Amino acid sequence: MVQILLKATLVTALVVALSQIFSFSIRLASGQPFTAFVFLMNSIMPVLTGFPISVYIFIQNAKLKKTTDDLTEANRLLQIRADTDSMTGLLNRNAFLDMIKQLNKTSRQSALLVIDADNFKNINDVYGHQAGDKALTAIVDALRMPLRQNDIIGRIGGEEFAVFLPDTEIKPALKIAEQLRYAVESIEFHPVEGQDYPLSISIGLTLSAPTYTTSQLMRMADQSLYQAKANGRNQIVVNQEGLVSKTNSCNNTDAA
């Protein structure tokens, strides 16, 4: 409110000054004297009318700005909710696919990893959905750790995730994939107190190029993921231009 009063005072002072200058110029041109009464009237009238009007206008502008800011923030939160998986805080499937579609156009070569939590249905069936949610949260926390600042991660299904590695060739992509696999394998998960349950993930990896569509990338990565699960889970399978090659959890990723 203090700022509004200061602004209104400055505007009123400017109006008074302009009124005095205008009145003085008119009277000087017409040969009429510029009396003290004229000076007083040129000062009082703008103050009596201009100051309250200025205060009112500034108050309305402040209210309008607050309303606009509130609407902008509400729209931002709605957009976040529309793009985010509510349980994990990751991008949801649609938001993830939209983002990699844009990033893939500008990346010389990238990598897409599709990740599935192994035997996850068993956790829900044996220990309940609360334990399943706890396992998913632990897996997400583990998956976040090895990723670089520009890497994109999303939840694209119930227990399925995807990671897009922009401007990444096969060796660093394999290294990150192995770090992800190992991070999940290292989780100490207790579905109930005093009982351990091993967690692991299977990863399908495919290289990308600007000429590939999002559908092609997902199909190739899904093929690799299917092969990883068929081979016994807890491993990485690479699909490079349609050629599937296995890299299991014991392999040295730098040599792959």
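The values are calculated or read from the model by the stated rules, or taken from the named source; none is laboratory data. If you're wondering where the values come from, they're calculated on a predicted model, not measured in any experiment. Every residue, glycine among them, receives a Cβ derived from its backbone with ideal geometry; neighbour counts consider all protein chains shown.
Here are the numbers:
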{"read-out": "Flag for Arg155 being closer than 22 Å to Gln102 by Cβ and buried (at least 22 other Cβ atoms within 10 Å of the Cβ)", "value": "yes"}
{"read-out": "Given (1) at pLDDT 95 or above; (2) under 20 Å from the mean Cα position of the chain (by Cα), index of the condition Ile176 fails", "value": "(2)"}
{"read-out": "Qualifying residue in region 129-145 (condition: closer than 24 Å to Ala95 by Cβ, crowded, with 17+ Cβ neighbours inside 10 Å, among the polar types (S, T, N, Q) and assigned by TED's automatic domain parsing to the domain that holds Asn104)", "value": "no"}
{"read-out": "Top-ranked residue of region 219-236 - restricted to ones that are over 12 Å from Ile203 (Cβ atoms) and of a type outside the set (A, V, I, L, M), ranked as farthest from the chain's Cα centre (by Cα)", "value": "Gly232"}
{"read-out": "Number of positions in region 84-119 that are β-branched (Val, Ile, Thr), surrounded by fewer than 19 Cβ atoms within 10 Å (Cβ to Cβ) and not in a helix (DSSP H, G or I)", "value": "1"}
{"read-out": "Among (1) in contact with a strand residue (DSSP E or B) (Cβ under 8 Å, 6 or more places away or on another chain); (2) assigned by TED's automatic domain parsing to the domain that holds Lys229; (3) farther than 18 Å from Gln235 by Cα - the single one Ile170 does not satisfy", "value": "(3)"}
{"read-out": "Breaking point among (1) crowded, with 18+ Cβ neighbours inside 10 Å; (2) modelled with pLDDT under 95; (3) under 27 Å from the mean Cα position of the chain (by Cα), for Phe161", "value": "(2)"}
{"read-out": "Selected residue (criterion: surrounded by the most Cβ atoms within 10 Å (Cβ to Cβ)) from residues of region 164-221 that are in contact with a helix residue (DSSP H, G or I) (Cβ under 6 Å, 6 or more places away or on another chain) and polar (S, T, N, Q)", "value": "Thr206"}
{"read-out": "Selection status of Asn75, more than 18 Å from the chain's Cα centre (by Cα), modelled with pLDDT under 65 and polar (S, T, N, Q)", "value": "no"}
{"read-out": "Single condition Gln130 does not satisfy, out of (1) in a helix (DSSP H, G or I); (2) touching a residue at least 24 places away in the same chain (Cβ under 8 Å)", "value": "(2)"}
{"read-out": "Checklist (1) closer than 30 Å to Leu199 by Cβ; (2) at pLDDT 70 or above; (3) not β-branched (Val, Ile, Thr) applied to Leu64, failing item", "value": "(1)"}
